[in-house]
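These notes are about the structure you will find just below.
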Amino acid sequence: MRHLRLPPARWTVPGLCLALAGLPGIAAAAPSPAAESEIARHVDKAEALAGTDLKPPLFLCRADSLAVVKDTLVNGSREWVPPTRVFDNISYIGNRFVGAFVIKTSEGLILFDSTTSREDVEQHLLPGLAQLGLDPTTIRFVIVTHGHWDHFGGAAYLQQTYGARIGLSAADWDLIEHTPATSPEISNHPGPRRDLVVNDGQKLVLGDTAITLYLTPGHTPGTVSAIVPGREAGRTYALSLYGSLAFPAGLDPTERYGGLRAYRASVQRFARISRDAGAVGLLNTHVFGDGGLERLAAERARTPGQPNPFVLGADPVRRYYALLDECLQAAELRLGAAAP
């Protein structure tokens with residue numbers, strides 16, 4: 001297993017992603033009565049798995065789930081969440097649609113995603129870090145979960161300004177580099193220069209912190225997910241960070257996405273990885289999609305002695321991935337009905 005380790009010397013170098021917004025909807029044709037019955041069965045299972053504590057991701061079971069993501073992109077991107085420390089070593093800076101999780105280590109900061117643009121970095125990420133008492137000159141790594149502008153948009157600035165190492169999978173480096181320079185995704189959000197290539201099972205080690213990275217294709221050809229340690233009051237909790245949210249609009253892989261079949265296989269595999277890691281919490285940089293937005297609000301309102309709302313327990317983590325699996329099966333049936 002490969003390891004990434006940065007020497008302790010300080011560096012002194014001076015959101016549905018829009019890429020999917022133009023794709024066709026999942027339900028391009030009406031399913032047959034038999035397919036509708038099977039779809040309803042999967043949706044019912046997902047609702048049962050959601051219980052009372054996992055309602056937010058249920059929108060993924062809807063035929064118009066992409067419209068929900070688009071609406072949140074348009075409206076949620078305007079509403080910035082107060083910078084929030086969710087564990088002693090983990091904070092969120094972003095809006096209601098997408099943001100960055102900041103991991104503090106003994107030798108600097110690791111970011112998951114980079115906000116959407118240089119403007120977001122300057123107007124929100126940097127002030128947010130200052131408010132949380134974190135120094136942007138200590139940003140060592142930015143792990144971009146996948147190659148869409150709402151995740152990599154601020155990475156080039158962080159790379160050029162602070163010498164941050166930028167990591168994506170090889171497939172998603174290709175995705176960024178093969179997107180035409182004239183497209184709005186790149187012309188308005190220049191990508192970082194190719195740097196670290198994340199491999200499946202790779203450990204990112206910085207100071208006192210080790211994060212394990214996994215390739216979970218589906219939303220894009222090489223989406224990256226991770227098991228992240230969250231620390232609070234002397235305890236460490238394994239957290240399951242899934243690197244994507246919206247379902248792709250095709251069953252099979254293309255240059256732009258990994259396909260629904262790959263997405264489902266990735267969800268099933270990462271559910272096992274999360275279980276084996278003892279994961280008791282969930283993270284997603286699209287905080288509106290997994291209940292993170294509600295947990296952030298609960299964290300800001302938390303009083304001393306109350307439990308951390310991000311520590312859910314092993315069973316909710318299991319149910320979350322099982323819920324996604326049911327919604328993916330419903331989406332596959334809808335696409336099958338839409339096929340010629």
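Throughout, read-outs are computed from the coordinates displayed, never taken from laboratory work. Because the structure is predicted, anything quoted here is derived from the model rather than measured. Note: ideal-geometry Cβ built from the backbone for every residue, glycine included; neighbour counts use all protein chains shown.
Values as computed for the structure displayed
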{"item": "Cα-based shape type of the stretch 91-211, given that a ≥ b ≥ c are square roots of the gyration tensor eigenvalues and the cut on a/c is 1.5", "result": "oblate"}
{"item": "Peptides 190-202, 173-185, 134-146, 215-227 ordered by average Cβ neighbours within 10 Å, highest first", "result": "215-227, 134-146, 190-202, 173-185"}
{"item": "Long-range tail of P(r) for the stretch 169-288 (Cα pairs > 25 Å, %)", "result": "29"}
{"item": "Built amide H within the under 5 Å cut-off of ILE90, gap 5+", "result": "LYS104, ARG231"}
{"item": "Equivalent ellipsoid semi-axes - Cα gyration tensor, the stretch 236-309, angstrom", "result": "30, 16, 7"}
{"item": "Cα centre as origin, Lys/Arg/Asp/Glu Cβ charges: the stretch 284-340 dipole, Debye", "result": "200"}
{"item": "Fraction of antiparallel bridges per DSSP, the chain only, in percent to nearest 5", "result": "65"}
{"item": "HN-Hα J in Hz across the stretch 56-73 - Karplus 6.51, -1.76, 1.60, θ = phi - 60°, x for Gly and Pro", "result": "x, x, 5, 4, 5, 7, 7, 5, 9, 4, 5, 5, 4, 5, 4, 4, 5, 4"}
{"item": "Amide proton proximity set for SER169, modelled H, under 5 Å, gap of 5+", "result": "VAL198"}
{"item": "In the stretch 52-125, trypsin sites (Lys or Arg not before Pro) in a DSSP loop with at most 14 other beta-carbon atoms within 10 Å", "result": "ARG78"}
{"item": "Positive-end residue of SER274, VAL74, SER37, charge dipole of the chain with Cβ unit charges", "result": "SER274"}
{"item": "Taking ILE211, ILE273, ILE186 and counting other C-beta atoms within 10 Å, the order from fewest to most", "result": "ILE186, ILE273, ILE211"}
{"item": "Compactness of the chain, expressed as Rg and Dmax over alpha-carbon positions, Å", "result": "19.0, 64"}
{"item": "The chain - mean residue ellipticity at 222 nm from DSSP helices (-39,500 (n - 2.57) per run, n ≥ 4, rounded to 500)", "result": "-10500 deg cm²/dmol"}
{"item": "HN-Hα J in Hz across the stretch 244-251 - Karplus 6.51, -1.76, 1.60, θ = phi - 60°, x for Gly and Pro", "result": "8, 9, 4, 7, x, 9, x, 6"}
{"item": "5 angstrom amide H check on LEU282, placed H, neighbours 5+ away", "result": "SER240, LEU312"}
{"item": "Per-residue ³J(HN,Hα) for the stretch 106-112, Karplus 6.51 cos²θ - 1.76 cosθ + 1.60, θ = phi - 60°, Hz, x for Gly and Pro", "result": "6, 10, x, 10, 10, 10, 9"}
{"item": "At 1.567 mPa s and 4 °C, Stokes D of the stretch 27-106 from Kirkwood alpha-carbon radius, µm² per second", "result": "83"}
{"item": "Most positive-pole-ward Cα, THR138, GLY51, GLY128, against dipole of the chain from beta carbon charges", "result": "THR138"}
{"item": "Cα centre as origin, Lys/Arg/Asp/Glu Cβ charges: the chain dipole, Debye", "result": "680"}
{"item": "Neighbour-count ranking [beta-carbon atoms within 10 angstrom, fewest first] of LEU239, LEU129", "result": "LEU129, LEU239"}
